[in-house]
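Presented below is the structure to which this report refers.
The values are calculated or read from the model by the stated rules, or taken from the named source; none is laboratory data. In this text the structure is predicted, and so the values were computed from the model without any measurement. Cβ placement follows ideal geometry from the backbone for every residue including glycine, while neighbour counts extend to all protein chains displayed.
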Amino acid sequence: MNFEENYKQQIFASAKKEPADLILKNGKIIDVFNLEIYEADVAIKNGQIVGIGAYEDGDTLLDLKGKYISPSFIDGHVHIESAMVTPEEFSKIVVPKGITTVMADPHEIANVGGLKAVQYMVAASKNLPLDVKMMAPSCVPATSFENSGSTLSSDEIEQLFDEQAVYGLGEVMDYPAVFSGDNEMLKKLMIAKKEGAGIDGHAAGLDEIGLNTYMTAGIRNDHEAVTAEEGKARLQRGMYLLMREGTAAKDVEALLPILTPANARRCVFSTDDKHLDDIIEFGSIDANIRLAIKHGVDAIQAIQMASLNAAECFGLKEKGAIAPGYEANFVIISDLTQLVIDDVYVGGRKVASDGKLIEQLRSPIQPPASLTDSIRFADFSMNDLALPIENGKPVHVISTKPGSIITEHLQEEVDTNNGYFLSSNQRGQLKQVVVERHHATGHIGLGVVKGIPLQRGAIVSTVAHDSHNIVACGVDDQSLYTAITHMKKINGGIAVVDGERILADLSLELAGLMSLKSHQEVYQQLKEIDKALVEIGFKEKWNPFITLSFLALPVIPAIKLTDTGLFNVVEFKHMSIQ
């Protein structure tokens, strides 16, 4: 059907001159404009809501028996790669939870595979019940102080816009490049500006001058506020505040105290980085809504933040509400307080019911071979993991905290053996290692991390934001050596190791970030990894792998470890271990 015929049919169905495709009867509409609930019929034609009121003439009449009709939810900022499955599998787990649109930034896989990786993600995200608005990664690599697998130039970003492959410019992480007027960064920003496209922020730790500079550059949203004060500063400058609740960074509770009827319309929910098991067990944006309700936010207000606010933030003019002229993307809810989702509709068709996707997906898009053969590191010995320490001098220590990707910079005494660092369970200090894995440069970064309480063994991952080298931490060098070398055998992934034994692993053969298996298979392997963590003495309820994955990201305060050594994010320069 052509545009003109479709348009005419929708108008005629709205005016009751021809039947609607679907009419929802006896439902309670969640009105995100007035923050009210009212009862009326909802008429749908050709995937669009065309009428609210009294409608009888429809091909299908659905009696909702008093259930709620809510606009479906939008994730304001997400990296699909962090769920460790392909976009096709990702849609299977988030759509049944009411999320039908995501603003996705593929800079994780872009750091491994560049332009081809982004083009793969775009192709793999098409023709799904999930509307993936792909953003062009703006900072690949995130900084010049480490080694990533690839780059994404301004010319390539322009190509992505020319191909109409991307919706906007992804999070601008390299804030020194913005402040200094770096030509390549300015060109990327100006490409987005000329396209009339949005630009996502990444204002971690920025002061008021930094926020001013970002707003002047055209950056209108940010998901890196971690305190109420930071959130208020962004709202005062006209930014949309993206309240993030992921697996590592959990900021919603800290930001909710600044939410008022006056500023709520500028607040949006996001997940950023969330592991597959976390999404399956607790939810995605639906979990943000439940958390907000738990802390006293009105349920309709929370839904507004997850729908209309997000749609307006990103210029999605036909999404985010139950109203004529809006896409027929909605959620049927049986319990509003607990947010019990019965059914999910996209374009007026039921795509999920009782927590499961019921729509058959197309065949998966096959990734290029370069993305399934991405683990290349130089041979090394266990001796290369020795960290020399000068006796009597304190050591710079990276201190982690569950629920945050911000680290604390400590200076502490450490145990040594013959002049080399010795991990200590008593002090809570482990050795951290970052090995360059893209170009076999032989770079190995060594440091001390505190806050990941392993009693023995080691954990390792090729998910190491944002350059995605190999990151590991452990109690002894044998476990670390076994863990790191095992990454080549499984073509990237995560593993739990004790000495020379591999207790559990998960191959992430797609760029070292994602599995090509089904989400059910990946979930089962993650449960085996959880058991292995207990075996090496990890007794916490939080996920150490996602905490580990952010310990190499040199754009999040305060100090991090890259393949080129310890990095002071506050001063934006390398530092010695002592």
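Computed values, structure above
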| quantity | calculated |
| --- | --- |
| Filter result for ALA40 (exposed (fewer than 14 other Cβ atoms within 10 Å of the Cβ), out of contact with any helix residue (DSSP H, G or I) (no Cβ under 8 Å at 6 or more places or on another chain) and of a type outside the set (Ser, Thr, Tyr)) | no |
| Residue among GLU229, GLU184 that alone is in the same structural domain as GLU146 (by TED's automatic domain parsing), assigned to a helix (DSSP H, G or I), closer than 30 Å to TRP542 by Cβ and without any contact (Cβ under 8 Å) to a residue 60 or more places away in the chain | GLU229 |
| Residue match in the stretch 57-80 (condition: crowded, with 24+ Cβ neighbours inside 10 Å and either in a helix (DSSP H, G or I) or at pLDDT below 95 (or both)) | yes |
| Residue check, SER363 outside the structural domain of ALA225 (by TED's automatic domain parsing), under 25 Å from GLU108 (Cβ atoms), out of contact with any Asp or Glu (no Cβ under 8 Å at 6 or more places or on another chain) and surrounded by fewer than 15 Cβ atoms within 10 Å (Cβ to Cβ) | yes |
| Residue within the stretch 156-173 that is in contact with a Lys or Arg (Cβ under 7 Å, 6 or more places away or on another chain) and not in a helix (DSSP H, G or I) present | yes |
| Residue ID - farthest from HIS295 (Cα to Cα), chosen from residues in the stretch 234-251 that are aliphatic (A, V, I, L, M) and crowded, with 22+ Cβ neighbours inside 10 Å | MET239 |
| Breaking point among (1) free of Cβ contacts under 8 Å to residues at least 40 places away in the same chain; (2) assigned to a strand (DSSP E or B); (3) surrounded by fewer than 23 Cβ atoms within 10 Å (Cβ to Cβ), for GLU5 | (2) |
| Which listed residue is at pLDDT 95 or above, surrounded by 23 or more Cβ atoms within 10 Å (Cβ to Cβ) and not assigned by TED's automatic domain parsing to the domain that holds ALA204, from ILE470, ILE444 | ILE470 |
| Top-ranked residue of the stretch 282-300 - restricted to ones that are assigned to a helix (DSSP H, G or I) and surrounded by 20 or more Cβ atoms within 10 Å (Cβ to Cβ), ranked as nearest to the chain's Cα centre (by Cα) | ILE285 |
| Selection within the stretch 381-412 - modelled with pLDDT under 95 and among the hydroxyl-bearing types (Ser, Thr, Tyr) | SER404 |
| So GLU81, is it within 30 Å of MET239 (Cβ to Cβ), in contact (Cβ under 8 Å) with a residue 40 or more places away in the chain, of a type in the set (D, E, K, R) and not assigned by TED's automatic domain parsing to the domain that holds TYR523 | yes |
| Members of the stretch 137-178 found to be of a type in the set (S, T, N, Q) and in contact (Cβ under 8 Å) with a residue 40 or more places away in the chain, listed by number | SER138, THR143, ASN147, SER148, SER150, GLN159 |
| Residues of the stretch 37-63 that turn out to be in contact with a Leu (Cβ under 6 Å, 6 or more places away or on another chain) and among the hydrophobic types (A, V, I, L, M, F, W, C), as a count | 3 |
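Conditions (1) under 22 Å from CYS313 (Cα atoms); (2) surrounded by 14 or more Cβ atoms within 10 Å (Cβ to Cβ); (3) touching a Pro at 6+ places or on another chain (Cβ under 9 Å), marked per residue:
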| residue | (1), (2), (3) |
| --- | --- |
| GLU146 | no, yes, yes |
| GLU158 | no, yes, no |
| GLU163 | no, no, no |
| TYR167 | yes, yes, no |
| GLY170 | yes, yes, yes |
| MET173 | yes, yes, no |
| PHE179 | no, yes, no |
| GLU195 | yes, yes, no |
| GLY198 | yes, yes, no |
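Yes or no, residue by residue, for (1) more than 20 Å from LEU371 (Cβ to Cβ); (2) under 21 Å from the mean Cα position of the chain (by Cα); (3) outside the structural domain of LEU115 (by TED's automatic domain parsing); (4) touching a residue at least 24 places away in the same chain (Cβ under 8 Å):
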position	(1), (2), (3), (4)
ASP505	no, no, yes, yes
LEU510	no, yes, yes, yes
GLU535	yes, no, yes, yes
GLU540	yes, no, yes, yes
